[in-house]
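The values are calculated or read from the model by the stated rules, or taken from the named source; none is laboratory data. In this text, all values refer to a predicted model and were calculated from it rather than measured experimentally. In this analysis, Cβ positions are derived from the backbone assuming ideal geometry, glycine residues included, and neighbour counts consider all displayed protein chains.
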Amino acid sequence: MRFVSFVVAATAGMAGIALSGDGLSEDESYRLKPRFVPARVTYVEVAWDAVVHSRHSGEPRAVWERRLGQTEGWLQEVESVASDGRARLKLTFERMACYRGDDEEQEAFDSDVDDPDDADNAIAAVYAPLLGQSFFLEVDAQGHVVDCSGMDAIRERVEARAQGNDFYEWQKHDLECESKSKLAEEFLLLYPPDSARRIGDRWAEELLHRGKKSAYRMKLARWEQDGGRRFLGVTYEADYERVAPEEYQSGDVQVTRALEKGGCRGTATFDVERGELLRAVEDGHLRSESTGRSPEGEDRGTLKSEISYRQTTRLLTSDERAAERQKNMQLRVPPAKPSGDQ
């Protein structure tokens, strides 16, 4: 995901001019370029919801359906911008949520709604220590991440509360700078820096998606106005093949998982006045294969899965996020009193 602000300019011929008045038409060309405004604070949220259908080699005729969801939100502050356009961003964990389960067993946590100190919630034990903690990214003028720092201390903070927690073992690879940098690189809706496009123009880019470079087919699809606000819309689609396997611990089982095949298509809308992405929605499908081994090296079989997902990215101003959080917190159930309290 590439972060996150854009300069939108209309061009007449080869000469660039700033948008003014109505400023948008299908006869003009447009550029989207990263723009980082010092001291600007924006709430950035990525939510992922999926349905997984799996078959295990031990029971090849049985299909197991699971539902998974994860939300990660940060307050992104632009700390500084260099003369070459390179920016330093401070990202503070503001919201963390997850649900997972099947027809028989479910678990969930949302930091906006649920008690972060719930000792019986395995997800809370991992996510609550993240809240209010910050890590840092440096991005170049095109929005590529060139440096990341701060995640080591955050991971140690989580480990202190969640060591031995099965959910932590599932999530700990996400608490590394490499993972956060990849997430930052995957937001794929920036133009090459000097390319002007007209409504209807199509082009291709090779961009990172789930750890692998993939060829994206992109289109500047539309412009529109709503209540005086002006928007540009981009559509994209891609197919991708196998990526390098990842390993993680699930209980006492060492799991190796590989993405075999998949594809996605999505849309993104940019707010012209703020020069920012407003919202992006991506629908996709994945096919994966996982193998497991016990601590003694015993084969625990193969799990083949078909995954359908929707990923939604949205940006809010800090004031909009504060109002949303306050509204959500009204749904919070207070922790139960000890049985001896009156």
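Below, the figures for the structure above:
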quantity: Every residue from segment 276-315 that is touching a Cys at 6+ places or on another chain (Cβ under 7 Å) and either surrounded by 16 or more Cβ atoms within 10 Å (Cβ to Cβ) or in a loop (DSSP other than H, G, I, E, B) (or both); calculated: Glu282, Gly284
quantity: Those residues of segment 56-88 which are assigned to a strand (DSSP E or B) and acidic (Asp, Glu), in sequence order; calculated: Glu59, Glu65, Glu72, Glu77, Glu79
quantity: Residue among Asp49, Asp27 that alone is acidic (Asp, Glu), under 27 Å from Leu220 (Cα atoms) and modelled with pLDDT of 95 or more; calculated: Asp49
quantity: Per-region count, segment 59-88, residues crowded, with 17+ Cβ neighbours inside 10 Å and over 24 Å from the mean Cα position of the chain (by Cα); calculated: 0
quantity: Condition check for Glu186: at pLDDT below 85 and under 30 Å from Arg279 (Cβ atoms); calculated: yes
quantity: Selected residue (criterion: farthest from Gln171 (Cα to Cα)) from residues of segment 91-122 that are of a type in the set (A, V, I, L, M) and under 18 Å from the mean Cα position of the chain (by Cα); calculated: Leu91
